[in-house]
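No lab work stands behind these numbers, since they all come straight from the coordinates. Everything quoted here is computed from the prediction, not taken from an experiment. For neighbour counting, all protein chains shown are included, and Cβ atoms are generated from backbone atoms with ideal geometry for every residue, glycine included.
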Amino acid sequence: MNAQALLERFLGQSASPPTAQPSASPWTNLGGSGSSGISGTAREALNSAGGLGGLAASGVAGGLLGLLVGGRKKKSKGGLGGALSHGGAAMLGALASQAYQSWQKGHVPSEAPTPSPQQIANVDQRFLPAAAPAADGQPFELALIRAMIAAAKADGHINAEEQGRIFGRVGEFGLDAESKAFVFDALAASVGVSEIAALATTPEQAAELYLASRLAVEPDGSAELAYLEALAHRLKLPADLVAHLERASS
């Protein structure tokens, strides 16, 4: 199974993202940080219209992710979903890196512009999914897929009937047998917030796991909000950074 190609297919693109060398860094907030969890600013961002989740759900981003959230009515406010489907994993990395750097500099969280092709090409290597494996030793690309599926299931809308529909559609995506089995297993598994958070080994991975999870939901209900709050807490993300990641997804 090609984990990079599967993540790209999940996001709506078939090409594999660039490969990076492992690297890690500690949390270093030059502008100061709050406690882990979701701050008032982040909650405001969570409740705002649109965002990556809405764009993906509206069919802009496409790919396997669209199957998870495409059946629900969503709002869309721009072209970031389309950019994501073209930028794939590198776009995810660029968005996470952009939010992280803005947080480090102590900037006020604000809606970030879509990274340019040059920014995506020159994204901080630590934020590329291929930079380091997940805590379970598997490619981090698979951890991101697990995170998106778990988040999409948080509100309970993916019931047995919906799973059956998704299983049928997955067969249309041209995946190899191992990739199909991974997706089917991930859809059928009951995975908690703690298990998803435990997959991160670096601050960069933690930030990207949260961003990928946010991509899979539109937090317009208590279940989605509770899930994201719990995930931020388990990932030990500073509240200010969560706010930046929320703004990056809008």
- Partner aspartates and glutamates whose C-alpha sits under 19 Å from that of Lys105, ignoring same-chain residues fewer than 8 away, are Asp124, Glu204, Glu208, Asp240, Glu246
- Task: Note down the nm distance, to one decimal, between modelled labels 7 Å out along Cα→Cβ at Asn2 and at Asn122.
- Result: 2.9
- Task: Please report Rg over Rh for segment 132-250, where both radii come from the alpha carbon positions and Rh follows the Kirkwood definition.
- Result: 0.97
- From the P(r) of segment 186-250, can you give the percent of Cα pairs sitting at distances over 20 Å? 20
- Between segment 177-213 and segment 116-149, what is the C-alpha centre distance in whole Å? 12
- Item | Sites Glu111 and Arg165 - FRET efficiency at Förster radius 35 Å, r taken between beta-carbons, to 0.05 | 0.55
- Note on the structure: Contour minus Cα-Cα span, Glu178 to Gln138, at 0.36 nm per residue, comes to 13.0 nm
